[in-house]
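Take a look at the structure set out below.
The values are calculated or read from the model by the stated rules, or taken from the named source; none is laboratory data. Please read all numbers here as calculations on a predicted model, not as lab measurements. Glycine also receives a Cβ, built like all others from the backbone with ideal geometry; neighbour counts cover every protein chain displayed. Calculation scope for accessible area: heavy atoms of the full protein, side chains included, ligands and nucleic acids excluded. Shrake-Rupley method; radii C 1.70, N 1.55, O 1.52, S 1.80 Å.
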Amino acid sequence: MTFEHPYYLLLLLVLIPIIVYYIIKQHALTAEIRFSSLEAFGNVKKSYKHYLRHLPFVLRMLAFVALIIALARPQKSDSWSKETTEGIDIVLSIDVSGSMLAEDLKPNRLEAAKEVAVSFISDRENDNIGLVAFAAKSLTQCPLTINHKDLINKANDLKCGMLEDGTAIGSGIVTAVNRIKDSQAKSKVIILLTDGSNNRGQVTPITAAEIAKEFGIRIYTVGVGSKGKAPYPVQTPFGIQNQYVDVDIDEPTLQQIAKTTGGVYFRATDNKTLQEIYKEIDLLEKSKISVTNHHKKEELYHWFVLALLACLLSEMLLRQTVFKSIP
């Protein structure tokens, strides 16, 4: 609640000397009838009038408070905003080939990729986001949706072995393009994450990038994996043991894909850099939101005027009936 004329509230300070005067006056009152002894009145119980004798004064003070508040013009302010979002449609295209089980990122590349993808999705409340998985082939794990809870569940379901093994980067791009090309969003983005080189699929990565460019789609490419060799779990007669394998990321091709479409190439060598990459992409692709604020004020002084009248009428009624005094 706000006040149009808050300085009137300073008049409430006048109540202090009035209340002090009333208290002093009550203590100074003396009996009008004198008795030689009060022993006969010792067992007389006090009536309700004794306990309520100050009620008229309290009502008058409340009336005074209501008058001051009414003069200050209390108002209830309602405000709301209307948001217009210039959305960004994003498709995450994630490699689920067997090499994503390498443990140079913890617990492995795929789990690390899923973790940062879920965090990225959670921070993009205003955008439609879709999910594509690819290995030797590609599939749409989730079409563009604003239902991010369902999308996160689909992201957590990604696992190596769900598709035939291999790395078809071109297919991963083309499937993502098909999901987003008809979008009416002002900005269309694909974030492609892979740890290998293209070795499967009928469409080359560069051709797929040219197709994306024709539809005005920007591609951010992320190569995930440490430099040199990486530990990879291998089944042996003695159980699963880690063997070190070469990290083979076709960085020139990923860089060319990003350059062709106006995107950026990133290299993630550990969990921290992968998180930072997604944060950087998040900053690069922020939704534009225009907000129109509306305010509405409702006058409340009439309620205090009614309270003022109720207190005055109650005081007058009590003084003329229950607390009527004899001159």
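Dipole check for region 128-218: with +1 at the C-beta of Lys and Arg, -1 at the C-beta of Asp and Glu, and the Cα centre as origin, the magnitude is about 280 Debye.
Relative contact order for region 100-226 using alpha-carbon pairs under 8 Å, separation at least 6, rounded to a whole percent?
Relative contact order of region 100-226: 24 percent.
The distance from the alpha carbon centre of region 133-163 to that of region 174-228 is 15 Å, rounded to a whole number. Picking from Phe304, Phe134, Phe215, which is most flexible by a Gaussian network model of the chain using Cα springs under 10 Å? Ranking Phe304, Phe134, Phe215 by mean-square fluctuation puts Phe304 first.
Mind checking the dipole of the chain: about its Cα centre, +1 per Lys or Arg Cβ, -1 per Asp or Glu Cβ, Debye to the nearest 20? Please report the intermediate quantities before stating the final value.
Numbers: 37 positive and 35 negative charges, 463 e Å.
Computed charge dipole of the chain: roughly 2220 debye.
Could you look at the chain and say what percent of its accessible area is carbon and sulfur, using a 1.4 Å probe and all protein chains?
In the chain, the share of accessible area belonging to carbon and sulfur is 57 percent.
Could you sort Met1, Met100 by accessible area so the largest value comes first, with the probe set to 1.4 Å? Please report the intermediate quantities before stating the final value.
Details: Met1 135, Met100 0 Å².
So, going from the largest accessible area down, we get Met1, Met100.
Express the accessible area of region 164-293 per residue in Å², computed with a 1.4 Å probe while the remaining protein chains stay in the model.
On the way: 6770 Å² over 130 residues.
I get 52 Å² per residue for this part.
Between 0 and 90 degrees, the angle of helix 251-261 with respect to the longest Cα principal axis of the chain falls at about 60 degrees.
The candidates Lys181, Lys259, arranged from most to least accessible area with a 1.4 Å probe in the full protein assembly, appear as Lys259, Lys181.
Taking all protein chains as they are arranged and a probe of 1.4 Å, the heavy atoms of Leu10 leave approximately 120 Å² accessible to solvent. Structural descriptor for the chain: relative contact order 23 percent, calculated from alpha carbon pairs under 8 angstrom and at least 6 residues apart. In the chain, the longest principal axis of the Cα atoms and the axis of helix 271-284 are about 70 degrees apart. Highest GNM mean-square fluctuation among Ala113, Ala133, Ala63, for the chain modelled with Cα contacts below 10 Å: Ala63.
Bridge orientation summary for region 161-282: considering DSSP beta bridges with both residues in this region, about 40 percent are antiparallel.
Please report the antiparallel percentage of DSSP beta bridges with both residues in the chain, rounded to the nearest 5. Can you show the working numbers first?
Working: 27 of 51 bridges.
So the antiparallel bridges amount to about 55 percent of the total.
Cα centroids of region 1-27 and region 297-327: 17 Å apart.
Which GluC sites (Glu not before Pro) does region 154-262 hold that lie in a coil by DSSP with at most 16 other beta carbons within 10 Å? Could you put the intermediate results ahead of the total?
Numbers: sites: Glu164, Glu210, Glu214; in loops: Glu164.
Passing both the DSSP loop test and the Cβ count: Glu164.
Against the chain, whose longest principal axis comes from its Cα atoms, helix 55-71 is set at around 50 degrees. For Asp246, the accessible surface of its heavy atoms amounts to roughly 110 Å² (probe 1.4 Å, protein chains only, rounded to the nearest 10). Only helices enter the 222 nm calculation for the chain: every DSSP H run of n ≥ 4 contributes -39,500 (n - 2.57), and dividing by all residues gives -12000 deg cm²/dmol, rounded to 500. His302 contributes about 80 Å² of solvent-accessible surface, heavy atoms of the protein only, 1.4 Å probe. Think of the chain as having a plus end and a minus end, set by charges on the Cβ of Lys, Arg, Asp and Glu; of Pro6, Leu193, Val177, Pro6 sits farthest toward the positive end of this dipole.
For the residues Cys142, Cys160, a 1.4 Å probe over the protein chains yields an accessible-area ranking, largest first, of Cys160, Cys142.
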